[in-house]
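What follows draws every value from the coordinates through simple rules; no lab data is involved. Please read these numbers as outputs of a predicted model, since none were measured by experiment. Backbone-built Cβ (ideal geometry, glycine too); neighbour counts: all protein chains shown.
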Amino acid sequence: MACNSSSCQSNCYKNDEEYAEDSPSLTDRKLSTSTNGQQNLCVKCKANQPISSASAGAGAGADDAHFCYGCFRRNLYGKFRLSVTSYSMITPSDNVLVAFSGGPASSVALQFVHELQHRAQKNFDANKDRSLPVFGVGVAFIDESAVYPDASEKVDDAIREMKLVVSKLTPPMKQLHVFPIENIYTSDSIEGKDRLTKLLDAANDATGKEDLLLHLRMLALQKVASENGYNRLILGSCTSRIACHVLAATVKGQGYSLSADIQYVDARWDIPVVLPLRDCTAQELNLLCRIDGLKTLQLPNSPPAGINGLVSSFVTLLQEENPSRECTIVRTAGKLTPFHFNRIPEISDCTVPLATRRRQKRYNLKPMESMSSESFCPLCNSPLRILIYRVRTNPKVAKVQDLVVPVVQVAVFRYSPRIPHQWNISICLYPNKWLPGEAWQL
């Protein structure tokens, strides 16, 4: 899993022995034996015994129980590190913000980012010239008590647990940002809650309300990152979640912008969003949390309803029939042509290590010239397909004129009331920063 390169400047260890120093002892893990009394061996290292079925649990994939703990963890961390290095998600000069909800995916993402930062700090301390800085890490939690007021006490307990979890991830120190979701409007919580309640009530469709809340959560994370000087936003979206999004977006008629949401990098936002766990399944992350003892929190929220709930149940059934179905869905959708913003902008700063700049240029998805620039919906930030109508401005003149119309009505219909004359009422409830006034003169 190591690069073993003398010119590597990616802040990684040079061999697996150094990685094993920080890993828990393999002898402390439960081992399994076959039914005839003979011990099984890991399919990768052929030396250690695989994780027992009792440790793996019923939700683990068939291949997970064939690895020993060391190989399983190195394989999972290798997927994370390959995504980070291949797409230049984190460079030494970056300041990254990890979105943390307390679930297995965000817990693993935070743990892996911490390990990457900790190794960078050790390399920095061991280097005499100390030419490579150590990237900064912050943690953000979006408090949705205004959406679920009955569970405010449970959220307060969860925040205290998160502070304890983050405080243990040292050195280096990491700051936890707790951001109430109503603060996307204003710092006045009363006014913000009132506007947020009215906005959510305007979305009378269960699917539209869930999508709207997801978008508001992203706006809150973007605001936290921009106000605190972060230049990367790390999400814990995994293969399982992306597979559900692929089918749900297809059913909702969002196929044109689907490829924008499933890539490793999404730079259409002010702060680029990266998905380092895109190649990891939810079963793998749950297994790692159980055997690694990572603290996970169960926050109060309503189960998926409408289209999202149906798709989630359908994907779960597919996964039970064949553990590779989620990966197949994501690989198939990954063949869609990405947009020009699905990569980190090229670095021209001479202070950034040359190896980092070369790696980024090597793994760029496509040349900028081969991808057309797109317009974005001011509500959901999705790419817009531009329709060109040939219209006759003057009936007496034979000349026709091109009328360019961005298809923004889809987003408005999705989130807002179905009666067209009520669109302006609900649109006024959106945060002003992300709602250009001229964009809605329809």
**Asked** Going highest first, how would you order 76-89, 180-193, 293-306, 200-213 by mean Cβ packing within 10 Å?
**Response** 76-89, 200-213, 180-193, 293-306
**Prompt:** Between the stretch 238-258 and the stretch 123-177, what is the C-alpha centre distance in whole Å?
**Reply:** 30 Å
**Prompt:** How many nm separate the modelled label positions at residue 310 and residue 191, each set 7 Å beyond the Cα in the direction of the Cβ?
**Reply:** 4.1 nm
**Prompt:** Which entries in 46/295; 128/174; 79/128; 168/295 show an alpha-carbon gap greater than 20 Å?
**Reply:** 46/295; 128/174; 79/128
**Asked** Where both partners of a DSSP beta bridge lie in the stretch 75-340, what percent of those bridges are antiparallel, to the nearest 5?
**Response** 10 percent
**Complete:** Within the under-15-Å Cβ sphere about residue 145, not counting residue 145, Lys/Arg +1 and Asp/Glu -1 give a net charge of -4
**Fill in**
Per the 1/(1 + (r/R0)^6) rule, R0 = 51 Å and r from the Cβ atoms of residue 170 and residue 46, FRET efficiency to 0.05 is 0.85
